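Okay, structure first, notes after.
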Amino acid sequence: MYEKDDPRSGLATAARPDNGARITAAQYLDLRESPVVRAQNVILIHTDAHDGDDLDNGALEGELAIVVTDASPAFTVLTGDGATKVDSPGLVVVPPGASRISVHGDGPLVRLVEATEPAWRDRVANAEAYAQAHPRVTLLERWPAPAEARVRFYPLSEVPDDPKRFGRIFRTRSFMVNFLPLQDGPRDPHKLSPHHHDDFEQLSLAVQGEYVHHIRTPWLPDSSTWRDDEHVRIGSPSVTVIPPPTVHTSEASDPGVNQLIDIFSPPRVDFSEKPGWVLNADDYPMP
């Protein structure tokens, strides 16, 4: 379903038989109203941070990832091993254990933790949506650990956009984060890219502008589970949780700058197998 010049058109995924399980509904979450939300395997924490804030991440069993955008303030990550200053967009990965964030300005910060973290799992606004595990979503099994446990920062300034690569992709043991290129003005409605995923959710984090998420739920034999096509307009900051195997595409609609960041948990194998796509692959090996 991709355009032939779209880098994703060369992806090949294994064909999986349909297991007949129900298809869950998409979720459209305004992060100003619900700043802590989850998908099957990941919790997303959106904070409107202010100068002088001291954000306690808790003593985490898994890694912490911090998504830093153009609007984010500078901050320092504090762990038992020292301090790491961050003052530009990119991805920060903090190893398991206790950590804090000292904020040096005003702006949004997005943190990702595993959905099982005791410090966060009871704080999510959409917990009811995951009262039972979603049967079509593969549960998280952490990928191999890096050779050295330390705070890592991957600045976007060191990685220019490349049309031969789909976005700027980083992974950890539990997450994959794709910083998609800025979209100036609305997306061409004649060049959308509807597609589906067999067994993982996509979290589309809108950090600038406005999007219309187009989602089509395949029909199963039980017609009582059928849903009408959805065309939901949502601004930023927001996150849309897109369940498998719905057909979906996102259309930037703001006349100004629009930006999406896609998040997956566990990391995507298909993206990871494309040479050069995962920019920190040397730090985080595949299984």
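The values are calculated or read from the model by the stated rules, or taken from the named source; none is laboratory data. Bear in mind that the values here come from a model prediction, so they are computed numbers and not experimental data. Ideal geometry is used to build each Cβ from the backbone, glycine not excepted, and the neighbour counts take in all protein chains shown. With ligands, DNA and RNA removed, areas are computed over all heavy atoms of the protein, side chains included. Shrake-Rupley method; radii C 1.70, N 1.55, O 1.52, S 1.80 Å.
Data overview
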item: Residue check, Leu91 assigned to a loop (DSSP other than H, G, I, E, B) and modelled with pLDDT of 95 or more; result: no
item: Counted residues, the stretch 149-169 - those being in contact with a Lys or Arg (Cβ under 9 Å, 6 or more places away or on another chain) and open to solvent by less than 10 Å² (accessible area, probe 1.4 Å); result: 1
item: Failed criterion for Phe271 (all others in (1) within 24 Å of Gly107 (Cα to Cα); (2) among the aromatic types (Phe, Trp, Tyr); (3) surrounded by fewer than 23 Cβ atoms within 10 Å (Cβ to Cβ) hold); result: (1)
item: Residue match in the stretch 223-238 (condition: in contact with a strand residue (DSSP E or B) (Cβ under 8 Å, 6 or more places away or on another chain) and surrounded by 21 or more Cβ atoms within 10 Å (Cβ to Cβ)); result: yes
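Residues checked against (1) in contact with a His (Cβ under 9 Å, 6 or more places away or on another chain); (2) in contact (Cβ under 8 Å) with a residue 24 or more places away in the chain; (3) open to solvent by 20 Å² or more (accessible area, probe 1.4 Å); (4) in a strand (DSSP E or B):
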{"site": "Gln40", "(1), (2), (3), (4)": "yes, yes, no, no"}
{"site": "Ile66", "(1), (2), (3), (4)": "no, yes, no, yes"}
{"site": "Val77", "(1), (2), (3), (4)": "no, yes, no, yes"}
{"site": "Thr138", "(1), (2), (3), (4)": "no, yes, yes, no"}
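Table: residues versus (1) under 27 Å from Pro155 (Cβ atoms); (2) touching a Gly at 6+ places or on another chain (Cβ under 7 Å); (3) open to solvent by less than 60 Å² (accessible area, probe 1.4 Å).
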| residue | (1), (2), (3) |
| --- | --- |
| Asp188 | no, no, no |
| Pro245 | no, no, yes |
| Ser250 | yes, no, yes |
| Ile263 | yes, no, yes |
| Trp277 | yes, no, yes |
